[in-house]
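Below is one structure; the comments refer to it alone.
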Amino acid sequence: MTNEAIKEFVSNALPSATFDESGEFFTIQIEAVQWRPLARLLHSAPYNFDYLFCLTCVDWKTHFTNVYHLTSTDHRRAIVVKAKVDRNDPLIETVSDIWKTAEFHEREVFDLFGVRFKNHPDLRRLILTDDFEGYPLRKDFEDAVNMIKL
Amino acid sequence: MYSLHAITDSIQNWLSVRFSPLWVLIIESLIVIVLAIALFAVLGLVLVWLERKVAAHMQIRLGPNRLGPAGIFQTSADTLKLILKEGLTPDGADKLLFNFAPFIVMIVAMLALAPIAFANGFQIWDVNIGVLYVSAVSSLSVIGILIAGWASNNKYSLLGAMRSGAQIVSYELSAGLSILTIVVLTGSLQISDIVHAQQNGWWLFKGHIPVIIAFVIFLIAATAETNRAPFDLAEAESELTAGFHTEYSGMKFALFFLAEYINIFIVCAIGATLFLGGWMPFHIGDWTQFNHVMDYIPSSIWFFGKTFFLIFLIMWFRWTFPRLRVDQLLTLEWKYLLPISLFNLLLVTVIAIMNWHF
Amino acid sequence: MYTETQIISNSNDELVVNVGPQHPATHGVLHLVITLQGETIKKVEPHLGYIHRSIEKMCESLTYRQFIYASSRMDYLSAHINNHACALAVEKGMQIEVPQRAQYIRVIMDELTRIASHELWWGAMAMDLGAFTPFFYAFREREKITDIMEETCGARLTMNYMVPGGVMTDIHPDFQKKVKEFIELFKSKIDEYDELVTGNIIFQNRTKGVGYLSKADAISYGCTGAVARGSGVSCDIRKLYPYDIYDKVVFDEILETEGDSFARYMVRMREMRESVKIIEQLIDNIPEGEHQAKTKAVLKLPKGDFYTRVETARGELGVYIVSEGATTPYRIKFRSPGFSNLSALDQMARGGKIGDLMATMGTLDLVIPDIDR
């Protein structure tokens, strides 16, 4: 299973996806709406990326990038999917039914970044209180009391 | 053999010369009440201290060692602290029952003390149904626990109380059946009769293997009845925080705590009386010389020695075993202990009828 | 966090109980809302955040030398291994060659930390099941490790011994002697642990067949560490993606296939013996040389993203750094093992009794600051 093979496999399904091989892992860059079909594709045969070991989000001030680290326990190979999410209306479909661990991780991302996950079974704040305002891991988050500017 | 009959009789005679029979009864009752309460206080303090010391030495530490020699006054200081603490009653609690429950548990523990023979001729009430009385009264303590759990209006308490109810009611059966084996062998329910029947050897040694089995079952059931680990599901601190006494504080909590230790003392005293001869010294059949030497040790020392040995065993269990799960607890009783005790009782009955015991 | 219906019992004979945030079995401030029917668990819902310090946000304003020490405060029981992960991430980004001596010291320290962490887990796990004495036995030996740590690192819990490029100071002259003494002592003590707890019939009844997690579920929930290995998922980072000198030492990846609490328990017990094996291979062969590579005073990671993972005592810790080429990271994500493992708790505890929940939680080896971060 080479990078080329995955590239071809993904390109066939999603012609607009771009690839990045400079980093440690092979990276697929897509738009938010393409994520769920791609997730289904990657999770099933022949690659069986059945292990979502990291799910997080990065705030680029202009947009968000949801980063999914996937491994295949059969092939022992990791890839990264970066999905671009609109910052003004952060919405992406959930993958919690594909990888069950995503349910928790998506709640965390929702809590700290405010990215909403469509069809998530239980999208509530996980860490902060329900009445908390703002999303602390966004770059423009201000907290006069608890944050010290260095 | 030393006997305390002389002392008790002389008090009786001294009083009856001076007072009318009614007053004699009242004064004697007062003396007994004072003695019983003093015994309670001392027992509670000593047992708590003992438990902490036993636990400490099993856990490679020293335990209380600051207040008095070997920390003997530590429990007194703790009790003082508990007395001074505010006794909180939660808002949603049923106030009457909530405050009443610790006293029920305490009174039951006190009542069960009545027929126990502490030494030769030193017994509060030698009733002819002594054993029956003790097993009847000691099972009442579950009512206090149930009331405590229900009145606290706390889910942990309720769960703990329900567990305790199921547990005590179940283990009452095998405890009762193992007690019955000795009753069958002795032919009497009276404590003094049972003790005297062991003049030529304790039942544990005279009664062959069935009595040993009964003794083991009795120990297990006694541990369960007193809600101690590995059967401490009513408290189960890692599951139910503190079980039925979660909401109790100050002296009300101390009463539960004290009652637990008094109950341990009572079940161990009963066990010692039934299986290990109570205050009866260690006698072997007709070895008169040996028996005579043994008689030089006072009977109260024999009684307390045996009782504290059993108490030590029960403490040993607590600091060694993990806790059972609630369904495993009931399985153990209904599927294993109860059938074994029933069959064992049958065996003992055969032994008693055929006079096969020594 | 609550709604009225959660606090009041439901109409269909269900009882909702709040376990925690202050509860003896949650080992910290974890809050579980469990729905019970009698004693049987219908649902477990974790509520987090009682000790959330937003370490990820803090790290965004800390330099690459400083942020390592924030990670000690996540999983404080394997603080050293957390530091290791962060140091590795910086070294990977800067392409710093770590001297052999430092690598040996790091791995020995990692394994000592692992033993210390597993020992604490073992004691706490037994305490969850109602046995108190093992806790003290475990601490007796753990104390020896913290003494060794104190001598060399100057701290007992949050060691902060790692720097990018090596370790902060050289080892104490007595280090090798003390570690060897400890290893000799510890070998006999593990057998004692087995005698006291593992072989106990009550303990086995309480853990066997309890908290079952199938292999497929373990993968789907992203479980790592002993939780996944107890279900037969091979996931030891030290074997799969060796870092430092783990590829030069001989040890086995422990796998159990039953997937119940007892399997997870056995994985950790056997892992302690493996750790002893690793330390034995290394302790006499620490090469002479520098303990730290020469690095620039100000570290700047090149633009890009870096993901490093290490095997902590609880499972895989991932450090994901997004760098913009500045002196501080643009974004850091700590993929903590406890967080993913906790998400499987509901699946494992459903249908069991309350006592089973505690037995299961004990084998998950949860450290709450690790979950909340």
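Read-outs throughout are calculated quantities, based only on the coordinates presented, and are distinct from any laboratory measurement. Predicted model only: the values in this text are computed from it and were never measured. Here the Cβ positions follow ideal geometry from the backbone for every residue, glycine too, while neighbour counts run over all protein chains shown.
Backbone amide hydrogens, once placed in the peptide plane, bring residue B:278 within less than 5 Å of B:273, excluding anything fewer than 5 places away on its chain. Using only side-chain charges placed at the Cβ, +1 for Lys and Arg and -1 for Asp and Glu, the dipole size of segment B:86-354 relative to its Cα centre rounds to 300 debye. In a DSSP loop and with at most 16 other Cβ atoms within 10 Å, the trypsin sites (Lys or Arg not before Pro) in segment C:162-244 are C:208. Largest GNM mean-square fluctuation across A:12, A:119, A:48, computed for chain A with C-alpha springs under 10 Å, falls on A:12. Counting only Cα atoms, chain C measures 68, 49, 34 Å along its principal axes, largest extent leading.
Would you kindly give the portion of the calculated P(r) for chain B that falls above 26 Å, as a percent of all Cα pairs? Roughly 54 percent, rounded to a whole number. Pairs of Cα atoms nearer than 8 Å and 6+ residues apart set the relative contact order; for segment B:86-354 it is 26 percent. Taking every C-alpha pair closer than 8 Å and separated by at least 6 residues, the mean separation divided by the residue count of chain C gives a relative contact order of 26 percent. Placing unit charges on the Cβ atoms only, positive for Lys and Arg and negative for Asp and Glu, gives segment B:1-154 a dipole magnitude near 480 debye about its Cα centre.
Shown here for segment C:245-275: chymotrypsin sites (Phe, Trp or Tyr not before Pro) in loop regions (DSSP other than H, G, I, E, B) with at most 14 other Cβ atoms within 10 Å, of which there are none. Computed over the alpha carbons of segment B:188-293, Rg followed by Dmax gives 18.4, 58 Å. Across segment C:47-64, rounded Karplus estimates of 3J(HN,Hα) from the backbone phi angles (6.51 cos²θ - 1.76 cosθ + 1.60, θ = phi - 60°) give 10, 10, x, 5, 10, 6, 10, 6, 4, 5, 5, 4, 5, 5, 10, 10, 6, 5 Hz, Gly and Pro being marked x.
For segment C:236-288, the Kirkwood hydrodynamic radius from C-alpha pairs, put into Stokes-Einstein at 37 °C and a viscosity of 0.692 mPa s, yields a diffusion coefficient of 266 µm² per second. Per residue, the convex hull spanned by the alpha carbons of chain A comes to 129 Å³. In summary, segment A:70-148 shows an alpha-carbon radius of gyration equal to 1.28 times the 2.2 N^0.38 Å reference for compact globular proteins. Rounded to the nearest 20, the size of the Cβ-charge dipole of segment C:52-372 about its Cα centre is 760 debye, with Lys and Arg at +1 and Asp and Glu at -1. Values of log10 I(q)/I(0) for segment C:58-212 across q = 0.08, 0.09, 0.16, 0.19 Å⁻¹ run -0.29, -0.36, -0.91, -1.11, by the Debye formula with one identical scatterer at each alpha carbon and no solvent. Shown in residue order for segment B:238-248 are the 3J(HN,Hα) couplings computed by the Karplus curve 6.51 cos²θ - 1.76 cosθ + 1.60 at θ = phi - 60°: 7, 9, 10, 6, 9, x, 5, 9, 4, 8, 8 Hz (x for Gly and Pro). Think of the protein assembly as shown as having a plus end and a minus end, set by charges on the Cβ of Lys, Arg, Asp and Glu; of B:287, B:309, C:163, C:163 sits farthest toward the positive end of this dipole. For residue B:228, no residue whose modelled amide H falls within less than 5 Å of its own remains once neighbours fewer than 5 places apart on the same chain are excluded. Counting other Cβ atoms within 10 Å as a rough exposure proxy, the listed residues B:347, B:84 run B:84, B:347 from fewest neighbours to most.
When the alpha-carbon atoms of segment C:272-373 are used, the pair Rg, Dmax equals 19.6, 57 angstrom. Sparsely packed loop sites in segment C:213-292 (the GluC sites (Glu not before Pro) outside DSSP H, G, I, E and B with at most 13 other Cβ atoms within 10 Å) comprise C:288. Within the same chain, lysines fewer than 8 places from residue C:189 are excluded, and of the rest, those with a Cα less than 19 Å from its Cα are C:144, C:177, C:178, C:180, C:277. Using C-alpha pairs below 8 Å separated by at least 6 residues, the relative contact order for segment A:3-93 is 27 percent.
Helical runs (DSSP H, four residues minimum) scored at -39500 (n - 2.57) apiece and divided by the length of the protein assembly as shown put the mean residue ellipticity at 222 nm at -16000 deg cm²/dmol. Proximity of backbone amide H atoms, modeled 1.01 Å from N, is registered between residue A:77 and A:72 at under 5 Å, excluding neighbours fewer than 5 places apart on the same chain. Computed over segment C:130-229, the alpha-carbon pair-distance distribution with 10 angstrom bins reads 12, 26, 29, 25, 8, each value a whole percent. Look at the dipole of the protein assembly as shown built from charges on Cβ: of C:117, B:154, C:99, the Cα furthest out on the positive end belongs to C:99.
Using bins of 20 Å that start at zero, the share of Cα-Cα pairs per bin across the protein assembly as shown amounts to 13, 38, 29, 15, 5, 0, in whole %. Taking the charge dipole of chain B about its Cα centre, with +1 at Lys and Arg Cβ atoms and -1 at Asp and Glu Cβ atoms, the residue from B:319, B:266, B:346 reaching farthest to the positive side is B:319.
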